[in-house]
Amino acid sequence: QVQLVESGGGLVQPGGSLRLSCAASEITFSIYTMGWYRQAPGNQRELVARITSGSSTNYADSVKGRFTISRDNAKKTMSLQMNSLKPEDTALYYCNANHPIRKREYWGQGTQVTVSS
């Protein structure tokens, strides 16, 4: 069973930066597609960024140019560097792992990001 633990959330001012991290227990971490999702109250959970085992990436239009997703297979971690944060980025951010063949999904518990002055 894959276990995911997020960290790095917090309160930041508009225009500020924050770096989220996700640590995975799975020894075959490198094969998983990893992603960050977020959900604000009243909204559906949305994909923020995704990175494949081959390190190809894609981003939601709302965060392109501001957020950068990366992974470290040796450390079995995945990160999201968030710059130029806006109040609308406020949400609970979740780490997600998806096996490309089995199509099984795993979720972390979430970490809160609040962007406010």
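The values are calculated or read from the model by the stated rules, or taken from the named source; none is laboratory data. No experiment lies behind these values; they were computed from the predicted model shown. We place every Cβ from the backbone using ideal geometry, glycine too, and count neighbours over all the protein chains shown. These accessible areas exclude ligands, DNA and RNA; they are computed on the full protein's heavy atoms, side chains included. Shrake-Rupley method; radii C 1.70, N 1.55, O 1.52, S 1.80 Å.
Couple of notes before you dig in:
- For segment 105-114, Karplus couplings with θ = phi - 60° (6.51, -1.76, 1.60), whole Hz, Gly/Pro x: 10, 10, 10, x, 7, x, 9, 7, 10, 10
- Computed 3J(HN,Hα) for segment 25-31, one whole-Hz value per residue from the Karplus formula 6.51 cos²θ - 1.76 cosθ + 1.60 where θ = phi - 60°, is 8, 5, 5, 9, 3, 4, 7, glycine and proline marked x.
- Under 5 Å, built H, 5+ apart or other chain: amide partners of residue 48: 36, 37, 38
- Computed from the alpha carbon atoms alone, the convex hull of segment 71-117 holds 104 Å³ per residue.
- When the P(r) of segment 35-76 is calculated, the portion above 17 Å amounts to 37% of the C-alpha pairs.
- With all projection directions averaged, the alpha carbon convex hull of the chain covers 6.8 nm².
- Placing R0 at 30 angstrom, the Cβ-Cβ distance between residue 53 and residue 84 gives a FRET efficiency of 0.55 after rounding to 0.05.
- Exposure of residue 84 as accessible area (Å², to 10), given a probe of 1.4 Å and all protein chains: 60
- Top of 32, 93, 106 by mean-square fluctuation, Gaussian network on the chain, Cα under 10 Å: 106
- Computed with a 1.4 Å probe on the full set of protein chains, the accessible area for residue 76 sits at about 50 Å².
- Rounded to 5, the percent of DSSP beta bridges in the chain classed as antiparallel: 90
- Lysines with Cα under 23 Å of residue 86, excluding same-chain neighbours fewer than 8 positions away: 64
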